[in-house]
Amino acid sequence: MRSLLSSRKRFDDLSEQEILALAISSEEDDAQIYRGFAARLRGDYPSTAAVFDGMAEEEDGHRAALIELFRSRFGEVIPLVRREHVAGFYARKPVWLMESLPLEKIREIAGDMEFQAERFYRAAAGRVTDAATRKLLGDLAAAEAQHERRADDLAETHLTEEAVDTEDRNAHRQFVLTWVQPGLAGLMDGSVSTLAPIFAAAFATGDTWNTFLVGLAASVGAGISMGFTEAASDDGELSGRGSPVKRGIASGVMTTLGGMGHALPYLIPHFWTATIIAVIVVFVELWTIAWIQKRYMDTPFWRAALQVVFGGALVLAAGILIGSS
């Protein structure tokens with residue numbers, strides 16, 4: 001019933017001509033994906049790009065062998081048969097089209113591609129009767145099974161220990177520039193700038209619910225402002241800081257979270273219980289900021305703690321004094 005309702009053809013119903021055409025188009029697609037990876041990585045990770053260049057060349061060799069066999073058996077006209085035309089056939093998920101993927105994810109995708117291609121060639125070899133075709137498909141299955149070893153050989157040639165260290169440093173630097181720096185700036189702004197209005201409202205009104213509403217408004221407003229400011233301040237093309245959308249999201253979300261951390265305790269109806277918990281949360285936030293600066297920004301911990309905690313304490317004190325006056 002399912003095959004009747006589907007517009008795709010079952011793999012078992014493919015002719016030998018269609019199986020070869022499917023193999024040709026699959027090799028072409030895979031080569032293009034590898035070249036896309038190489039082009040995307042070449043600027044920051046030239047050694048890894050060279051690995052994918054080599055893998056693309058191997059796929060080109062497979063495709064050329066398949067075309068030669070097809071011509072000898074069926075002539076010059078190769079029917080258009082692609083993965084999406086065959087029911088139950090493995091598909092290349094469009095995740096590889098994303099603008100930026102971590103190196104490990106790209107390598108994981110490549111490993112999945114090789115495994116799926118091997119399974120296809122083994123299944124295809126079992127479906128054909130022509131001896132030459134069966135031999136070629138079997139050889140390609142073996143080649144795909146050894147592709148990971150070939151990738152390792154290419155890696156040994158291009159991914160020297162120095163190259164890997166350099167690429168890891170570049171990946172870490174990009175992560176810090178795109179996510180950590182904007183997120184840290186947002187967390188600092190949200191944690192510190194909202195202290196005064198939240199605690200001023202708390203001590204001025206003594207009303208926990210209204211204090212929470214003030215904190216919510218201040219946190220969300222600051223998050224929107226910081227997010228748009230970060231995204232609009234730099235498109236990342238010259239600075240290399242990455243996508244402005246990603247930086248804006250990191251800054252905006254962390255600003256909101258930084259303010260909400262010490263606003264949420266005021267959901268507790270008892271004023272002093274809520275205030276004591278909020279103060280404790282403030283100092284946890286400030287020490288967390290100091291740790292992040294030490295971990296990712298190489299700032300000495302005690303210097304970061306002195307700057308952040310001392311500054312935050314001053315803002316906290318200002319809010320309490322203003323609210324109590």
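Which ones in region 111-135 are part of a helix (DSSP H, G or I) and of a type in the set (Asp, Glu)? Please lay out each step first, then the result.
Of region 111-135, the ones part of a helix (DSSP H, G or I) are 111-125, 131-135.
Selection gives 112, 114, 118.
Determine if region 95-102 includes at least one residue that is among the acidic types (Asp, Glu), modelled with pLDDT under 90 and over 30 Å from residue 256 (Cβ atoms). Reasoning before the result, please.
Just the residues of region 95-102 that are among the acidic types (Asp, Glu), to begin with: 99.
Checking which are modelled with pLDDT under 90 leaves us with 99.
Now narrow it down to the ones that are over 30 Å from residue 256 (Cβ atoms): none.
No, there is no match, as no residue in region 95-102 is among the acidic types (Asp, Glu), modelled with pLDDT under 90 and over 30 Å from residue 256 (Cβ atoms).
This table checks each residue for (1) within 26 Å of the chain's Cα centre (by Cα); (2) surrounded by 17 or more Cβ atoms within 10 Å (Cβ to Cβ).
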| site | (1), (2) |
| --- | --- |
| 13 | no, no |
| 26 | yes, yes |
| 33 | yes, yes |
| 36 | yes, no |
| 40 | yes, yes |
| 50 | yes, yes |
| 64 | no, no |
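Is it the case that region 86-93 has a residue that's at pLDDT 85 or above, crowded, with 19+ Cβ neighbours inside 10 Å and closer than 21 Å to residue 136 by Cα?
no
Being surrounded by 14 or more Cβ atoms within 10 Å (Cβ to Cβ), within 14 Å of residue 189 (Cα to Cα) and within 30 Å of the chain's Cα centre (by Cα) is true for just one of 242, 312, 227. Which residue is that? Working first, answer last.
Values: 242 fails: within 14 Å of residue 189 (Cα to Cα); 312 fails: within 30 Å of the chain's Cα centre (by Cα).
Going through 242, 312, 227 in turn, the sole match is 227.
Which residue is farthest from residue 65 (Cα to Cα), if the candidates are limited to region 129-142 and must be of a type outside the set (Ser, Thr, Tyr) and crowded, with 19+ Cβ neighbours inside 10 Å?
Kept after step one, since they are of a type outside the set (Ser, Thr, Tyr), are these residues of region 129-142: 130-132, 134-142.
Narrowing the set further to residues that are crowded, with 19+ Cβ neighbours inside 10 Å leaves 136-137, 140-141.
Values: 136: 8, 137: 10, 140: 10, 141: 13 Å.
Going through the qualifying residues, I end up with 141.
Taking only region 275-300 into account, find how many residues are closer than 30 Å to residue 173 by Cβ and either out of contact with any Ser or Thr (no Cβ under 7 Å at 6 or more places or on another chain) or not in a helix (DSSP H, G or I) (or both). First the steps, then the outcome.
Of region 275-300, the ones closer than 30 Å to residue 173 by Cβ are 284-300.
So of that shortlist, the ones also either out of contact with any Ser or Thr (no Cβ under 7 Å at 6 or more places or on another chain) or not in a helix (DSSP H, G or I) (or both) come out as 284, 287-288, 290-292, 294-300.
Going through region 275-300 one residue at a time, the tally reaches 13.
Of the numbered conditions (1) modelled with pLDDT of 90 or more; (2) more than 20 Å from residue 12 (Cβ to Cβ); (3) surrounded by 14 or more Cβ atoms within 10 Å (Cβ to Cβ); (4) not β-branched (Val, Ile, Thr), residue 79 fails exactly one; give the number of that condition.
Only one criterion is unmet by residue 79, namely (2).
Taking residue 303 as the residue in question, decide whether it is outside any helix (DSSP H, G or I) and under 18 Å from residue 181 (Cβ atoms). Explain how you work it out, then say what you get.
On the way: outside any helix (DSSP H, G or I): no; under 18 Å from residue 181 (Cβ atoms): yes.
Against the criterion (outside any helix (DSSP H, G or I) and under 18 Å from residue 181 (Cβ atoms)), residue 303 does not qualify.
Of all residues in region 245-290, count the ones that are over 17 Å from residue 196 (Cβ atoms) and surrounded by fewer than 18 Cβ atoms within 10 Å (Cβ to Cβ).
Residues meeting the conditions: 16.
Could you check, for region 255-270, whether at least one of its residues is part of a helix (DSSP H, G or I), over 20 Å from residue 201 (Cβ atoms) and among the polar types (S, T, N, Q)? Step through it out loud before you land on a result.
First pass over region 255-270, keeping only residues part of a helix (DSSP H, G or I): 255-261, 264-267.
In the following step, the residues that additionally are over 20 Å from residue 201 (Cβ atoms) were identified as none.
No, that holds for no residue.
The values are calculated or read from the model by the stated rules, or taken from the named source; none is laboratory data. Please read all numbers here as calculations on a predicted model, not as lab measurements. Please note: Cβ atoms are built from the backbone with ideal geometry, for glycine as well, and neighbour counts cover all protein chains shown.
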